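What follows is a single structure, written as C-alpha cells, with notes after it.
Every number in this text was worked out from the coordinates using simple rules, so none of it is lab data. It should be emphasised that the depicted structure is a prediction, and the values quoted were computed from it without experimental measurement. Positions of Cβ are backbone-derived with ideal geometry, glycine not excepted, and every protein chain shown enters the neighbour counts.
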C-alpha cells in the first residue's frame, strides 16, 4: 500500500514517529498480531492484545513473525504495542501475565504496553518499569493507561503514564459504567490538566474521519479505533460476527451487565459492556435467569447462534464491509485530513 499523504502531526505522532494519529486499540479476542502489524504498516500504531488462547511457544513464534512483517532490525523494538487486561494479569496462575512480561522484557522488546481494567493499576505500571530494567538496554517502554473518568485520568498521570487513553461510553466492548461521552471526558481532562500532562488519546464511537477530526480539534493528540477494526480481515472476530457488524444499523448497540453475566467472566465492579443487541435482553425481560439462559443456549444451537455476543460501539454504523485494515486506516486518515483542513495540530 502507498504511504499515506500528507501526515497529521501531533505531539503523540512525534513521540512514536507516526504518519497518522490513528491507533488500533488493544481489544481482547479481537486485536491479532496481524491487525496490529497492519495498523502500524499503514502509518498508525497497532496494539496486539495478549490472551490465554495461545501457548508461550506460539506467542514467541508470533513475536518472531511480527519482526519479519514489520521489517524490524534485530536491535530495535517492534513498532507496535502489547496490551493486556489488568484483571487477567492478576489471576493466579496467569498465562497472560507470563506472555505479556516476556514480550516487554525480552530484548529488544516492543515500543508500548497498554494496561486497562486492573484492580491494582499501580502494580502493573511498576512491573513494566521493572521489566525495562531487566531488559537492560536503557530504553523505556511507553505505558498507555486506559481510563473512563477524570479521577482515573488523574491517577494515571500520578502513576507516570506516558499516554492516557480516554474511553467514553460510546465505545464498544467494555468500559466503566460511569464513563461520560468521549468528548465530555476529553474536555474534563484537558481543563484539569492544561499543561505538562501525558499524551492524551480519545476512544469511543470513532467510525469516520469527521469524528476523529473533531476529537483532534478538541485537543486529543490521537484517536483510538475499535469497532471499525474489529470488522477487518485481520481481526480475530469470527466471520459471522464480522458480517453482523457490516450489516448493523446505527443505534443498534446496548450497554449492559447482562452480556458478562451470561459469559461469567470476572470483570472488575463498575465495568459494563456494549454489544449489538440480541435476544438475550428479551430473555431476561421474560424472567429467564442467567442459568436458564445458559441452558437454553447449550441445548439449542440456533438459539445460541442468535445470542452470540458481538461487541460493538456506536461507530458500528460506519462499517459497511469486511476490508483489510490498511485500507480502513488509509480511508479514515484521508477523511480526517480533509475534515481538519490542516494536517498540523
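Would region 24-176 count as rounded, prolate or oblate if I go by the C-alpha gyration tensor, calling it rounded below 1.5 in a/c and otherwise prolate when a/b exceeds b/c, oblate otherwise? Rounded shape, in that the Cα axes give a/c under 1.5.
Each Cα pair under 8 Å and six or more residues apart adds its sequence gap; the mean of these over the residue count of the chain is a relative contact order of 19 percent.
Name the shape class, rounded, prolate or oblate, that the alpha-carbon gyration tensor gives for the chain, where a ≥ b ≥ c are the square roots of its eigenvalues, rounded holds for a/c under 1.5, and otherwise prolate holds if a/b is larger than b/c and oblate otherwise. In terms of gyration-tensor shape, rounded. For residue 305 and residue 196, the FRET efficiency from 1/(1 + (r/R0)^6), where r spans their Cβ atoms and R0 equals 56 Å, is about 0.60.
Work out, step by step, the length gained on full extension between residue 29 and residue 289: first 0.36 nm times the residue separation, then minus their alpha carbon distance; give nm to one decimal.
Contour length minus Cα-Cα distance gives 91.0 nm.
Kindly state, to the nearest 0.05, the FRET efficiency for residue 184 paired with residue 54, given R0 = 25 Å and r defined as their beta-carbon distance.
Once rounded, the FRET efficiency stands at 0.10.
Note on residue 239 and residue 129: with the Förster distance fixed at 30 Å, the Cβ-Cβ geometry gives a FRET efficiency of about 0.15. Put a dot 7 Å past the Cα of residue 158, heading toward its Cβ, do the same for residue 327, and the two dots end up 4.8 nm apart.
Roughly what % of DSSP beta bridges within the chain run antiparallel, to the nearest 5?
Taking every DSSP beta bridge within the chain, about 20 percent pair in antiparallel fashion.
Working note: 222 nm ellipticity from helices only, DSSP H runs with n ≥ 4, each -39,500 (n - 2.57), summed and divided by the residues of the chain, gives -12000 deg cm²/dmol to the nearest 500. Cα gyration tensor of region 241-306, axes a ≥ b ≥ c as square roots of the eigenvalues: rounded (a/c below 1.5), prolate (a/b > b/c) or oblate? It is oblate, given that a/c is not under 1.5 and a/b is not larger than b/c.
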